[in-house]
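Notes to accompany the following structure.
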């Protein structure tokens, strides 16, 4: 009997909030009644260095807590893309933030200017990690949007729930545009539409 296991890696620079995004994603999986393990690592520089969060979501038991063959990879910096993209499944979802990733190692990547679109929409990049969760939710559907919205609301600072939920919905919109425009023009289409 095979158990469904999804390995997710969120990678970027320290300070981009990807560890928080990983915790939110893990909490959403719990809300969806799935088993989950979440881990994180930072480069020696911490803020500004490469960092990553890994989340393993399964229907059954999780016997090994580390990602070994990644199903979903989000790269929000060039350094993280170069350092952590080596073990993605051929059929996996490879999502890159083209604001900071210029050299994309595969033509099958889903390229979305997450940080620059967030800055344009909200005046700062602070919500890019939550926008990225909206992108992942829409493209991959590994956890429900309902659970992710609940996890976002419970994990963000008091008083910021509304704007963070707007950021999540904005990420879903960016993903829908990227999916619609997969013929190599998604970046321009998204930037023009935001």
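The values are calculated or read from the model by the stated rules, or taken from the named source; none is laboratory data. Just so it is clear, the model here is predicted, and its values are computed rather than measured. Methodologically, a virtual Cβ is constructed for each residue, glycine included, from the backbone with ideal geometry; neighbour enumeration extends over all protein chains shown.
Just a few scattered comments:
- In the stretch 157-171, the residues that are on the phi < 0 side of the Ramachandran plot reach residues that are surrounded by fewer than 17 Cβ atoms within 10 Å (Cβ to Cβ) and outside any helix (DSSP H, G or I) with C-beta atoms within less than 9 angstrom, at least six apart or across chains, in these pairs: 164/157; 170/194.
- Any hit, the stretch 87-101, residues being surrounded by 19 or more Cβ atoms within 10 Å (Cβ to Cβ), out of contact with any helix residue (DSSP H, G or I) (no Cβ under 6 Å at 6 or more places or on another chain) and under 14 Å from residue 54 (Cα atoms): yes
- Residues in the stretch 28-47 that are part of a strand (DSSP E or B) and in contact with a helix residue (DSSP H, G or I) (Cβ under 6 Å, 6 or more places away or on another chain) were compared, and the one that is modelled with the lowest pLDDT is 40.
- Within the stretch 103-124, the set of residues being buried (at least 21 other Cβ atoms within 10 Å of the Cβ) and either assigned to a helix (DSSP H, G or I) or at positive phi (or both) comprises 114, 115, 117, 118.
- Hits in the stretch 126-149 (condition: within 18 Å of residue 17 (Cα to Cα) and surrounded by fewer than 22 Cβ atoms within 10 Å (Cβ to Cβ)): 126, 149
- Residues that are under 14 Å from the mean Cα position of the chain (by Cα) and without any contact (Cβ under 8 Å) to a residue 12 or more places away in the chain within the stretch 118-156 comprise just one, 141.
- If you go through the stretch 1-27 and keep only what is at pLDDT 95 or above, more than 21 Å from residue 83 (Cα to Cα) and in contact with a strand residue (DSSP E or B) (Cβ under 9 Å, 6 or more places away or on another chain), you end up with 23, 25, 26, 27.
- Any hit, the stretch 82-102, residues being more than 27 Å from residue 182 (Cα to Cα), part of a strand (DSSP E or B), touching a residue at least 12 places away in the same chain (Cβ under 8 Å) and in contact with a strand residue (DSSP E or B) (Cβ under 6 Å, 6 or more places away or on another chain): no
- Among all residues of the stretch 48-60, there is at least one that is more than 24 Å from residue 148 (Cα to Cα) and not in a loop (DSSP other than H, G, I, E, B).
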